[in-house]
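K.L.:
This is the structure I want to talk about, given as structure tokens.
Each reported figure results from applying straightforward, stated rules to the coordinates on display, with no laboratory input. Please read these numbers as outputs of a predicted model, since none were measured by experiment. Glycine gets a Cβ as well: all are built from the backbone with ideal geometry, and neighbour counts include every protein chain shown.
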Amino acid sequence: MLKYFINIIILFFTLSLFSQDKVKDTSAYKDRYGLRIGIDFFQPIYSLIDEDKKGLEFVVDYRVSKRFFVATEFGYSEATTQEDFFNFYTNGQYLKIGADFNAYRNWLGMENIIVVGLRYAYSNFDQTVNEYTINADPFLPYQTINSATSYNGLNAQWVEFVLGIKAEILHNVFLGFSFRGNQLINSKEPDNFKNLFIPGFNKVYLNDNGFGFNYTISYLIPLYRK
Amino acid sequence: MKKYILLFTLLLSILWSCEKDEICLEETTPRLVIRFYDNEDPNEFKKVSNLVVQIEGISGDYFNESITSSTDSIAIPIKVTEDLTKFKLILNGSDTDDSNDNTDVFDLIYTREDIFVSRSCGYKTIFHDAETKLEADNDNWIIDIETIADPQEINNQKSKHVKIFH
């Protein structure tokens with residue numbers, strides 16, 4: 001047992017030695033600050049495979065300090081969702097505003113990012129129930145009811161927790177991926193239906209949470225150095 | 001770069017493997033709950049022997065756990081696409097002897113409302129202003145039929161909706 005303790009102590013010492021290796025003299029190097037503008041390329045490609053889902057999202061972030069960025073995403077989305085007993089169509093637009101923290105310590109001159117971020121998001125949208133089948137005793141014959149009932153002027157607000165990466169693959173060009181955990185704050189629900197899909201939020205699960213992701217390609221417009 | 005591609009693929013495969021995880025647990029379209037009473041002593045239940053239930057327009061006998069060889073309480077489906085369901089209750093229909101069968105027919109008339117329940121359950125129908133009407137024949141085993149309330153709402157199957165005296 002003692003042997004392990006000693007090993008662990010040695011390990012800690014070694015680690016602390018490593019941490020001494022930080023480059024201290026950064027005064028000569030100045031970080032680039034600028035506006036990064038991009039697009040989610042996953043949605044346009046995905047809509048070629050699955051024509052029930054369409055959407056476009058733009059992503060913008062602006063560096064405000066060494067490790068912080070203000071960030072926004074906005075776009076529109078339309079989706080037809082097929083469930084066991086009904087089928088509905090959602091379309092609308094959304095806006096997300098928040099901040100990103102870069103959890104990655106770069107080597108000098110590199111600008112890769114491990115994103116830890118938070119967003120406030122808002123969406124307004126319409127829902128249309130295309131058709132449904134009454135969930136009743138299976139002895140009764142099934143009959144699909146083509147209702148085409150529309151619920152317009154709905155909205156929702158939620159928060160997103162963002163985890164992602166952005167890597168500079170070419171000069172000023174970044175490839176990014178982010179995963180988002182969403183929690184609904186409030187939503188204007190339709191009468192006799194529920195917001196089961198919200199643009200930007202995606203599928204709304206039972207306890208009002210959901211998840212999303214994007215794959216982005218973006219371009220950095222350098223503005224100044226600091 | 002290789003590392004990132006690996007991470008991309010990994011995350012993508014995780015996300016795509018997500019599937020529906022919700023099961024329908026809520027109550028859906030209620031069935032008609034009938035209790036059978038003794039015509040001589042209207043406060044006492046009286047069991048029906050070897051009952052067979054049929055619904056006009058749908059072929060076959062209707063079965064569920066409430067319809068046994070001797071029962072005083074049954075729950076049977078109501079048509080959700082029409083405002084009238086014609087039920088055939090056949091006394092002694094499920095025994096081997098055909099000569100003692102006695103078919104009585106009654107109508108259930110109502111208005112319908114479709115209510116959204118949940119993602120996994122979809123929509124249910126509830127029934128308003130339900131009324132019953134017994135068709136007279138020359139040998140009715142059902143003496144009288146009545147709804148519990150007037151107007152009778154059928155929006156759950158927690159308690160009986162219709163009394164049949166025989």
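K.L.:
Give me the distance between the Cα centres of the range A:55-92 and the range B:121-137, rounded to whole Å.
P.N.:
The range A:55-92 and the range B:121-137 have Cα centres separated by 46 Å.
K.L.:
Give the Cα extents of the protein assembly as shown along the principal axes, in whole Å, largest first.
P.N.:
108, 61, 34
K.L.:
To two decimal places, what compactness ratio does the range A:30-225 give when its Cα radius of gyration is scaled by 2.2 N^0.38 Å?
P.N.:
So the range A:30-225 has a normalised radius of gyration of 1.21.
K.L.:
Next question, about the same structure. Counting partner chain Cβ atoms within 10 Å of every residue's Cβ in B:79-85, what's the average?
P.N.:
The shielding value for this peptide is 3.
K.L.:
Further, regarding this structure: Mind telling me which of A:Tyr62, A:Tyr205, A:Tyr122 comes out most flexible in a GNM of chain A, alpha-carbon contacts under 10 Å?
P.N.:
A:Tyr205
K.L.:
So, R0 is 30 Å and r is the distance between the beta-carbons of B:Glu27 and B:Lys133; what FRET efficiency does that work out to, to 0.05?
P.N.:
Efficiency computed from Cβ-Cβ geometry: 0.65.
K.L.:
Which value, in debye to the nearest 20, gives the size of the charge dipole of the range A:30-225 about its Cα centre, when Lys and Arg are +1 and Asp and Glu are -1 at the Cβ?
P.N.:
Value, rounded to 20: 1320 debye.
K.L.:
Helix B:2-16 sits at what angle to the longest principal axis of chain B, using alpha carbons and giving 0 to 90 degrees rounded to 10?
P.N.:
The answer is roughly 10 degrees.
K.L.:
Nothing charged except the Cβ atoms of Lys and Arg (+1) and of Asp and Glu (-1): what's the magnitude of the dipole of the range B:30-166 about its Cα centre? Round to the nearest 20 debye.
P.N.:
Details: 14 positive and 27 negative charges, 171 e Å.
The calculated dipole for the range B:30-166 is roughly 820 debye.
K.L.:
Rounded to whole Å and sorted largest first, list the principal axis extents of the Cα atoms in chain B.
P.N.:
The Cα atoms of chain B stretch 88, 39, 30 Å along the principal axes, largest first.
K.L.:
Among the GluC sites (Glu not before Pro) in the range A:67-108, which ones are in a DSSP loop with at most 10 other Cβ atoms within 10 Å of the Cβ? Mind listing them?
P.N.:
When the GluC sites (Glu not before Pro) of the range A:67-108 are filtered for loop state and at most 10 Cβ neighbours within 10 Å, nothing remains.
K.L.:
How many partner chain Cβ atoms sit within 10 Å of a residue's Cβ in peptide B:110-121, on average, as a whole number?
P.N.:
Neighbouring Cβ atoms belonging to other protein chains average 4 per residue here.
K.L.:
Picking from A:Lys96, A:Lys53, A:Lys66, which is most flexible by a Gaussian network model of chain A using Cα springs under 10 Å?
P.N.:
Looking only at A:Lys96, A:Lys53, A:Lys66, the biggest GNM fluctuation is shown by A:Lys66.
K.L.:
What full-extension length gain, to one decimal in nm, is calculated for A:Phe68 and A:Leu163 as 0.36 nm per residue of separation minus the Cα-Cα distance?
P.N.:
32.8 nm
K.L.:
Work out, step by step, the length gained on full extension between A:Asn192 and A:Ile37: first 0.36 nm times the residue separation, then minus their alpha carbon distance; give nm to one decimal.
P.N.:
51.7 nm
K.L.:
Relative contact order, percent, of chain A when contacts are C-alpha pairs under 8 Å separated by at least 6 residues?
P.N.:
20
K.L.:
Okay, moving on. Please name whichever of A:Ile39, A:Asn87, A:Thr133 sits farthest to the positive end of the charge dipole of the protein assembly as shown, dipole taken about the Cα centre and charges placed at Cβ: Lys and Arg +1, Asp and Glu -1.
P.N.:
A:Ile39
K.L.:
When the Cα centres of the range B:102-116 and the range A:116-159 are compared, how far apart do they sit, in Å?
P.N.:
Cα centroid of the range B:102-116 versus Cα centroid of the range A:116-159: 29 Å apart.
K.L.:
Just how far, in whole angstrom, is the range B:50-98 from the range A:197-214 if you go by their alpha carbon centroids?
P.N.:
Centre-to-centre (Cα) distance: 44 Å.
K.L.:
Here is a follow-up. Distance cut-off 32 Å, Cα to Cα: go down the list A:Lys188/B:Lys86; A:Lys203/B:Lys124; B:Lys46/B:Lys79; A:Lys188/B:Lys133; A:Lys194/B:Lys79 and report the pairs above it. Can you show the working numbers first?
P.N.:
Values: A:Lys188/B:Lys86 41 Å; A:Lys203/B:Lys124 22 Å; B:Lys46/B:Lys79 27 Å; A:Lys188/B:Lys133 44 Å; A:Lys194/B:Lys79 25 Å.
From the list (A:Lys188/B:Lys86; A:Lys203/B:Lys124; B:Lys46/B:Lys79; A:Lys188/B:Lys133; A:Lys194/B:Lys79), the Cα-Cα distance tops 32 Å for A:Lys188/B:Lys86; A:Lys188/B:Lys133.
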